[in-house]
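Accompanying notes for the structure given below.
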Amino acid sequence: ELGYIYDYLTEVETELKSTNEELSAAREELTETRERLSTIKSERLRLYNPTLKEAIRFLEEDKTDSNPYIEDEYVCSHFTADVNNNAEKMGIRCAFVDVRFPASGHAIVAFDTVDEGIVFFDPITDDRVRPIIGREYWKCVEPKPGYYYEKPTFDDTITDIVIVW
């Protein structure tokens, strides 16, 4: 009977050792996870809502609008993503805006300015846009002096506007 108890205790000791090793590994993983979380929190972007003037100045300094538009390769959504990312690198809160038309859509950016509220811009041209559901997009764009927009060959009536912050 003593031999049986000795064998049982040996099994229990082996199991306890294995459990302690697993517990030690779990504690180490928890410590690493806490350190990563702390790093993420300290490096998290601190974004602010700009004034209208700051948003316009950012767009003037940002050179995304000088990129070539390449059909099926670098289109409005790419311009919008690049402007959005560049703004956030500067600490400016910027939204990706999906403007939906009956058979297509267009991507623009928005800033929630502290003085004028939400303002929209077309990142391809940096022109201000005042999108209104039910209105044709080309009529919502405010071209720079000396420029104008013509009615497109497709229906660009705005059916929905989705703002992603």
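Brief remarks follow.
- Counting only Cβ charges, +1 for Lys and Arg and -1 for Asp and Glu, the dipole size of the range 61-148 around its Cα centre is about 280 debye.
- Solvent-accessible heavy-atom area per residue, rounded to whole Å², over the range 36-164 at 1.4 Å: 60
- Helix 2-43 and the long axis of the chain differ in direction by around 20°, with both axes built from C-alpha atoms.
- Close Lys pairs in the range 17-125, defined as Cα atoms under 20 Å apart and 8 or more places apart or on different chains, number 4.
- Within the range 123-139: backbone nitrogen closer than 18 Å to the Glu61 label point (7 Å, Cα to C-beta): 126
- Sorting the segments 20-26, 68-74, 126-132 by their residues' average number of neighbouring beta-carbon atoms within 10 angstrom, most packed first, yields 126-132, 20-26, 68-74.
- The long axis of helix 76-89 is offset from the longest Cα principal axis of the chain by roughly 60 degrees.
- Around Arg128: net Lys/Arg minus Asp/Glu count, Cβ-Cβ under 11 Å: -3
- As a size descriptor, the averaged projected area of the C-alpha convex hull of the chain was calculated at 16.8 nm².
- Structure-based [θ]222 nm, the chain - -39500 (n - 2.57) summed over DSSP H runs of at least 4, per residue, nearest 500: -14500 deg cm²/dmol
- Volume in Å³ per residue [convex hull over Cα atoms, computed for the range 77-116]: 54
- On the beta carbon distance between Lys144 and Thr39, with R0 = 45 Å, the FRET formula returns roughly 0.55.
- The range 83-161, accessible surface, carbon-and-sulfur percent (1.4 angstrom probe): 54
- Euclidean distance of C-alpha centroids, the range 1-19 and the range 136-153, integer Å: 83
- With K and R counted +1 and D and E -1, the other residues having a Cβ less than 11 Å from that of Cys140 yield a net charge of -1.
The values are calculated or read from the model by the stated rules, or taken from the named source; none is laboratory data. Computed from a predicted model, the values in this text were never measured in an experiment. FYI the Cβ positions are ideal-geometry reconstructions off the backbone, even for glycines, and counts take in every protein chain you see. Each accessible area value is taken on the protein alone, full model and side chains, heavy atoms only, with ligands, DNA and RNA left out. Shrake-Rupley method; radii C 1.70, N 1.55, O 1.52, S 1.80 Å.
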